[in-house]
1. So in the range 1-30, with the set limited to residues that are crowded, with 19+ Cβ neighbours inside 10 Å and charged (D, E, K, R), which one is farthest from Ala117 (Cα to Cα)?
2. Please go through the range 71-98 and give me each residue that is open to solvent by 60 Å² or more (accessible area, probe 1.4 Å) and either over 17 Å from Leu37 (Cα atoms) or touching a strand residue (DSSP E or B) at 6+ places or on another chain (Cβ under 9 Å) (or both), ordered by number.
3. Exactly one of (1) in contact (Cβ under 8 Å) with a residue 24 or more places away in the chain; (2) under 19 Å from Arg95 (Cα atoms); (3) surrounded by fewer than 18 Cβ atoms within 10 Å (Cβ to Cβ) is unmet by Gly48. Its number?
4. So, Thr10, is that one farther than 25 Å from Asp171 by Cα and among the β-branched types (Val, Ile, Thr) or not?
5. Among the residues of the range 53-70, how many are assigned to a helix (DSSP H, G or I) and either among the aromatic types (Phe, Trp, Tyr) or exposed (fewer than 15 other Cβ atoms within 10 Å of the Cβ) (or both)?
6. Restricting to the range 99-114, and then to whatever is over 13 Å from the mean Cα position of the chain (by Cα) and β-branched (Val, Ile, Thr), can you tell me which residue is surrounded by the most Cβ atoms within 10 Å (Cβ to Cβ)?
7. Taking only pairs six or more apart or across chains, which ones have beta-carbon atoms under 7 Å, a first residue in the range 112-124 that is in a helix (DSSP H, G or I), and a second residue that is of a type in the set (S, T, N, Q) and open to solvent by less than 30 Å² (accessible area, probe 1.4 Å)?
Amino acid sequence: MRPSKKVALTGGMGAGKSLCSAILREMGFEVISADELSREVTRKGSPGLRAVISAFGAEFLTPEGELDRRRLAGKVFSDPAALQKLNELTHPLIREELCRRMAEREGVVFAEVPLLAESGMAGLFDAVWTVEAPERIRAARAAERDGTDEEAAMARIRRQAGEAERRAVADLVLKNDGTPEDLRARITEALKTL
């Protein structure tokens with residue numbers, strides 16, 4: 001059983017990937033989240049968690065033995081070498097689980113993969129959609145969502161792949177600079193390309 005179409009959904013922080021995924025789910029499509037897979041492959045007691053703790057240290061565990069994601073994010077987003085190491089440990093695990101789940105589905109299956117351009121996973125998909133919004137809008141959205149300030153959000157945005165890198169692997173660009181209804185209309189049009 002193989003999906004007839006595997007579509008990656010990507011975009012920078014605050015671009016609107018989650019909103020796009022929610023709209024697609026409302027339309028009846030399945031969306032697999034790479035962020036959720038990341039949590040699964042580093043859950044308490046997993047080989048992924050053991051590898052991360054071996055590389056970064058037990059100070060990145062909560063008292064309950066779970067990965068302290070907020071603390072680890074503080075480390076890796078201020079240290080490019082640490083971020084690369086974390087990605088080297090987790091991306092193969094995420095890729096393996098993503099491939100397994102997509103192989104179990106039929107029809108059109110979407111996968112929300114924030115770091116698609118950085119992870120080299122674009123080749124797994126029949127089509128890649130990237131969601132874009134102006135940086136100032138993205139920073140405001142991310143700051144509100146994460147409870148931080150726009151300057152910190154902008155610094156994280158600028159450490160990610162840029163629009164040019166995401167467009168290089170994309171088949172379609174979804175602009176998300178308006179209302180959710182505007183995005184829904186653009187998604188409806190994009191679905192005609194599948």
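The values are calculated or read from the model by the stated rules, or taken from the named source; none is laboratory data. Keep in mind the model is a prediction, meaning the values are calculated, not measured. Note that we place each Cβ from the backbone using ideal geometry, even for glycine, and neighbour counts take in every protein chain shown. For accessibility, only protein heavy atoms count, side chains too; no ligands or nucleic acids. Shrake-Rupley method; radii C 1.70, N 1.55, O 1.52, S 1.80 Å.
1. Only one residue tops the list, namely Lys6.
2. Arg71, Lys75, Ser78, Pro80, Ala81, Gln84, Lys85
3. (3)
4. no
5. So the answer is 8.
6. Going through the qualifying residues, I end up with Val109.
7. Leu116/Thr10; Ala117/Thr10
Residue-by-condition table, conditions (1) assigned to a helix (DSSP H, G or I); (2) closer than 26 Å to His91 by Cα; (3) in contact (Cβ under 8 Å) with a residue 40 or more places away in the chain; (4) touching a Cys at 6+ places or on another chain (Cβ under 8 Å):
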{"position": "Glu144", "(1), (2), (3), (4)": "yes, no, no, no"}
{"position": "Ala152", "(1), (2), (3), (4)": "yes, yes, no, no"}
{"position": "Glu181", "(1), (2), (3), (4)": "yes, no, no, no"}
{"position": "Ala190", "(1), (2), (3), (4)": "yes, no, yes, no"}
{"position": "Thr193", "(1), (2), (3), (4)": "no, no, yes, no"}
